[in-house]
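The values are calculated or read from the model by the stated rules, or taken from the named source; none is laboratory data. Computed from a predicted structure; not experimentally measured. Here Cβ is always computed from backbone atoms with ideal geometry, including for glycine, and neighbour counts include all displayed protein chains. What goes into the accessible areas is simple: the full protein's heavy atoms, side chains included, and nothing from ligands, DNA or RNA. Shrake-Rupley method; radii C 1.70, N 1.55, O 1.52, S 1.80 Å.
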There are 2 protein chains.
Amino acid sequence: MSKQPVRVPLALVDCHTPLVDEPLSADQAERLASSFKALGDPIRLRLLSLIASHAGGEACVCDLTDAFDVSAPTISHHLKVLRETGLVTSERRATWVYYRAEPAALDLLSTVLSVPQRANA
Amino acid sequence: MSKQPVRVPLALVDCHTPLVDEPLSADQAERLASSFKALGDPIRLRLLSLIASHAGGEACVCDLTDAFDVSAPTISHHLKVLRETGLVTSERRATWVYYRAEPAALDLLSTVLSVPQRANA
DNA sequence: CGTTTATTTTGACCGATGTCGAAGCAGACG
DNA sequence: CGTCTGCTTCGACATCGGTCAAAATAAACG
């Protein structure tokens, strides 16, 4: 029942305030933009969603490849982009490679976009 | 004290479930990706943040241009991208053009990325 | 060990996108 | 009316990014 260690991708430490609250620094914007860019492709979004919503919290690449009309190298490329931004992690077990979503990364981006309701300014 | 009309950008009606809950359809992914792609540029992120956090809830283009090292046409281009995805709206008043953030659009994207905490699957 | 299957890397292609200067448009103000 | 200022559009250019086929790597299996 212990708390999971909260894994915030290295590139995103220090970005935790909703962007509507105060202007992002150039530096924060640079790092956040990389993450959103990774989400800015329909195949990557679907991959992430498939992985995150998959039974057991992980999905094998072979499961993912079949869901799309693009070649295996293309899927691999998109997974790499998601990995490099810390949105997913991967682990090889025997023949197959399994991907998991990184909830802390998603949550952080969700927070940045959130709109805290307050008195209408 | 009446409720504001909730303005969800047309392209995003029908996308309201966290992507970790169930796989996005190709169609939803396509539309959401457009929005995230708009957020996938550091200048656009900072523009959005500047606009949303600006006193009065709106900012004039002239305020925005000075904050960056790029030309006015480039700022205008980025604002157009934000406008076309429904993240901001603009209004001309006399000499100046004012931009506002669209909270419903931000909130929707925030929801899609959110991670509802539940029993660890 | 050679083969087969799963996944990634490499290299090339080409369309998409960020950038700028120049030109255009819209109001305001003499 | 003519001109000035604020903003956008146009056209060109360079870079980036998604895609594939082919080759490379990894692990199992016979």
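Annotations for the structure displayed:
- Accessible surface buried once B binds A (1.4 Å probe; total of both sides; Å²): 2900
- Between 0 and 90°, nearest 10: helix A:72-84 axis offset from chain A longest Cα axis: 30
- Residue mean of other protein chain beta carbons inside 10 Å, A:24-32: 5
- Förster radius 22 Å - calculated FRET efficiency between A:His77 and B:Val70, Cβ distance, rounded to 0.05: 0.15
- Solvent exposure of the protein assembly as shown as accessible area per residue, Å², 1.4 Å probe: 54
- Formal net charge of residues neighbouring B:Glu58 (Cβ-Cβ distance under 9 Å; K, R +1; D, E -1): 0
- Here B:Ala94 and A:Glu84 are evaluated by their C-beta separation; at R0 = 41 Å the FRET efficiency comes out at 0.30.
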